[in-house]
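Notes to accompany the following structure.
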Amino acid sequence: MAEYGEWNRKGATLSDVTAQKDYGVGADFIVKGIRAGKLEYREGAIWGNPYLRILRSQLERYIAEQHCSHDLAATETQAELRKIKKEISALKRKLTALQARKAEIEQATGKIAGGLRDARG
């Protein structure tokens, strides 16, 4: 049974699709857990596409019961590594854009400053 307010806590729930990506479990594994009474779920739909919301803590417990807890740790670290790589990539893109903008501004201010020196001299 879920703790009081667990469904409302940030990061406490995840969709079945996210669970499949992050933990490497199949949809049939999740459905089997629901039917066994190990996983609570809520139905949802985004833009007409149905999905299942499940509690992260219950899913992790169920995976540990069914599989070895070592498998769970390995999958979690792979998911974290994937997330870190994605964030690094986004930061690199942002840095490149900022450096280009900096060069534009420096070039524009250099022309303005050069024009002021010429007008004074």
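The values are calculated or read from the model by the stated rules, or taken from the named source; none is laboratory data. A quick note: this is a predicted structure, and the numbers were derived from the prediction, not measured. Note: accessible area is taken over every heavy atom of the protein model, side chains too, but ligands, DNA and RNA are not part of it. Shrake-Rupley method; radii C 1.70, N 1.55, O 1.52, S 1.80 Å.
Some values worked out for this structure:
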{"read-out": "Accessible area expressed per residue, the chain, with surrounding protein chains retained (probe 1.4 Å, Å²)", "value": "78"}
{"read-out": "Partner lysines for Lys111 [C-alpha distance under 25 Å; skip if fewer than 8 residues away on the same chain]", "value": "Lys102"}
{"read-out": "Share of carbon and sulfur in the accessible heavy-atom surface of the chain [1.4 Å probe, %]", "value": "54"}
